[in-house]
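Participant: Quick one: structure below, then a few questions.
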Amino acid sequence: MTASLGAGERAVVALPFEHGGTAVAHRVRPEADSADVADVPPPAPSAHAATPEPSEAAYAARVTAALGLIAAGDLRKVVLGRWVDVVSDPPLDPRAVVARLLDRRPGRYVFGVPLTADAAGPVLLGASPELLVRRTGDVVTCFPLAGSVPRSADEREDARRAAGLGRSAKDLAEHAFVVDAITAALAPVCVEVDVPARPVVVSTDTLHHLGTPVRARLAPGTTGWSALHLALLLHPTPAVGGVPTTAALDAIAALEPGPRGPLAGAVGWVDAAGDGEFAVTIRAGVLDGPTLRLFAGAGIVAGSDPAAEVRETGAKLATMMTAVGP
Ligand SMILES: C=C(O[C@H]1C=CC=C(C(=O)O)[C@@H]1O)C(=O)O
């Protein structure tokens, strides 16, 4: 794909969660095409009706089922998701939602990607806190997040939760699965892979996460690997899938309400030189007419508590619920 891009052009790409699902790519010229969303007014007041799928009680039961698979030895980690369908009247303007996300920055990587050529068609929207991969020349950077705790409005309690996360054996194990998978995937194509021994705490609007900044260099002979190649190599990491990958994907297909499609995939851009940046498509939704389908998942490992995973996914969903406004 990068071979067909001209100087100054980029491909904006949304990769689906499922292998074999539909990927979307748009050729853009950032200088000429950048629409000025700063001038777009905030979302007009709408009435929103939110329907969870499955219900919180049913989600907790599915977490328990996943813990059963882990106890049986079939799985070590699986990221189990749930949806909320938000129907708005009048329908949301995707540009207004993106403008609000850019203004508030609940996650570093804000995106709005049309999923069809039709301007009135579905749009992928979100503000992801998680860098899947960036390539700048021969420097490759990843910043996986996994292991989370919802934030508190009380400052001292919030700090206590962040500190507790950094000491939580369950969350450190949940995080290590992702770092190990990324390190193993990069090994055949990279040299000088630098992985700090301990994660740091990364905070968003609604959660604290464990995060590890990984840095590497493309190995001689693999400099043709673009950011898109690297995203395809790494996806799905156990931040959205699990360990072992195939067993986790089977459990996700069995326990979630339907295919994730573009949610929990990868979204980003690549240029003619192969440089680019892809975020994990989380804290995201697909807006299709009046309906915004939001997705949130939580990593389940031995020791996970179903009620805590309901709260965690609720906090993840709140990022986009807040962005659509009252
Ligand atoms: C799958 C999601 O989050 C991932 C990223 C950060 C923390 C996660 C966790 O602690 O479970 C997830 O792995 C999501 O937001 O839908």
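Participant: Keeping to segment 230-244, report how many residues are part of a helix (DSSP H, G or I) and buried (at least 16 other Cβ atoms within 10 Å of the Cβ).
Facilitator: Here the count works out to 4.
Participant: For LEU131, only one of the following conditions fails: (1) within 16 Å of the ligand (Cβ to nearest atom); (2) more than 30 Å from THR222 (Cβ to Cβ); (3) out of contact with any Leu (no Cβ under 8 Å at 6 or more places or on another chain). What is its number?
Facilitator: Going through the list (1) within 16 Å of the ligand (Cβ to nearest atom); (2) more than 30 Å from THR222 (Cβ to Cβ); (3) out of contact with any Leu (no Cβ under 8 Å at 6 or more places or on another chain), LEU131 breaks only (2).
Participant: Open to solvent by less than 10 Å² (accessible area, probe 1.4 Å) and either within 23 Å of VAL12 (Cβ to Cβ) or among the acidic types (Asp, Glu) (or both): does that describe THR319?
Facilitator: Taking the combined requirement at face value, the residue satisfies it.
Participant: Now a separate question. Which pairs turn up if I take residues in segment 158-187 that are free of Cβ contacts under 8 Å to residues at least 60 places away in the same chain and look for partners that are assigned to a helix (DSSP H, G or I) and open to solvent by 50 Å² or more (accessible area, probe 1.4 Å) with beta carbon separation below 6 Å, at least 6 apart in sequence or on another chain?
Facilitator: As it stands, the answer is ALA185/LEU233, since those pairs meet every condition given.
Participant: Moving on to the next point. How about segment 277-294: which of its residues are within 15 Å of the ligand (Cβ to nearest atom), within 30 Å of THR2 (Cα to Cα) and in a strand (DSSP E or B)?
Facilitator: PHE278, ALA279, VAL280, ALA284, GLY285, VAL286
Participant: How about segment 164-184: which of its residues are more than 13 Å from the ligand (Cβ to nearest atom) and either touching a Ser or Thr at 6+ places or on another chain (Cβ under 8 Å) or open to solvent by 50 Å² or more (accessible area, probe 1.4 Å) (or both)?
Facilitator: ARG167, ALA169, ASP180, ALA184
Participant: Looking at ASP250, ASP205, which is the one that is among the acidic types (Asp, Glu) and in a loop (DSSP other than H, G, I, E, B)?
Facilitator: Unique residue meeting the criteria: ASP205.
Participant: Scanning segment 261-276 for residues that are assigned to a loop (DSSP other than H, G, I, E, B) and open to solvent by less than 10 Å² (accessible area, probe 1.4 Å), which turns out farthest from the ligand (Cβ to nearest atom)?
Facilitator: GLY274
Participant: Can you say whether VAL110 is buried (at least 17 other Cβ atoms within 10 Å of the Cβ) and without any contact (Cβ under 8 Å) to a residue 60 or more places away in the chain, as far as the supplied structure shows?
Facilitator: For VAL110, the condition - buried (at least 17 other Cβ atoms within 10 Å of the Cβ) and without any contact (Cβ under 8 Å) to a residue 60 or more places away in the chain - is met.
Participant: Assess whether ALA219 counts as being surrounded by fewer than 23 Cβ atoms within 10 Å (Cβ to Cβ) and within 22 Å of ALA72 (Cβ to Cβ).
Facilitator: Judged against the criteria, ALA219 is not a match.
Participant: Taking segment 130-153, which residues are open to solvent by 20 Å² or more (accessible area, probe 1.4 Å) and on the phi < 0 side of the Ramachandran plot?
Facilitator: ARG134, THR136, ASP138, VAL139, THR141, PHE143, VAL149, PRO150, ARG151, SER152, ALA153
Participant: Go through segment 78-107 residue by residue and tally those that are more than 17 Å from the chain's Cα centre (by Cα) and open to solvent by less than 20 Å² (accessible area, probe 1.4 Å).
Facilitator: Total satisfying the criteria: 6.
The values are calculated or read from the model by the stated rules, or taken from the named source; none is laboratory data. Because the structure is a prediction, the values reported are computed rather than measured. No Cβ is skipped: glycine too gets one built from the backbone with ideal geometry, and neighbour counts run over all protein chains shown. For accessibility, only protein heavy atoms count, side chains too; no ligands or nucleic acids. Shrake-Rupley method; radii C 1.70, N 1.55, O 1.52, S 1.80 Å.
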